[in-house]
């Protein structure tokens, strides 16, 4: 595929959108970790937050590789909604673990949907598709772990 300024702009826009979702996930997991009593869940949520930070850096590196600079955006409207939902839920429920877990599941499902949409766009290069596919796989694994914990 021929690289044009327009294509690069579209790719950067896609990656920045995913960075927003990852930022929201990182904040959501940090918030969740601070509200759950279970030490194992707390540690897992902090791990998921750390993983999101690494994903953000990976995508920012890719944007820089494309010759663009990354602006520090503070999360998209979907993520803001998800983050608010976790805040509200944990306030009303006094850190009710099930409500927090359900909010995390909602956030992960939204992230997975956005990743799939980004990968399906035909403007990404194999390098970006590879990074996003790897991150998507990890997010799907995290979702399965959270759902499995919910069942136990």
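What the table below lists for this structure:
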{"item": "Matching residues in segment 121-152 - criterion: being outside any helix (DSSP H, G or I), without any contact (Cβ under 8 Å) to a residue 24 or more places away in the chain and either over 16 Å from residue 41 (Cα atoms) or in contact with a helix residue (DSSP H, G or I) (Cβ under 7 Å, 6 or more places away or on another chain) (or both)", "result": "122"}
{"item": "Matching option when the condition is outside any helix (DSSP H, G or I), at pLDDT below 95, within 28 Å of residue 148 (Cα to Cα) and out of contact with any helix residue (DSSP H, G or I) (no Cβ under 6 Å at 6 or more places or on another chain), among 37, 23", "result": "37"}
{"item": "Residues of segment 20-40 satisfying the condition of being buried (at least 23 other Cβ atoms within 10 Å of the Cβ) and under 30 Å from residue 123 (Cα atoms)", "result": "21, 22, 24, 25, 28"}
{"item": "Boolean, residue 113 is part of a helix (DSSP H, G or I) and surrounded by 16 or more Cβ atoms within 10 Å (Cβ to Cβ)", "result": "no"}
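The values are calculated or read from the model by the stated rules, or taken from the named source; none is laboratory data. In this text the structure is predicted, and so the values were computed from the model without any measurement. Note: ideal-geometry Cβ built from the backbone for every residue, glycine included; neighbour counts use all protein chains shown.
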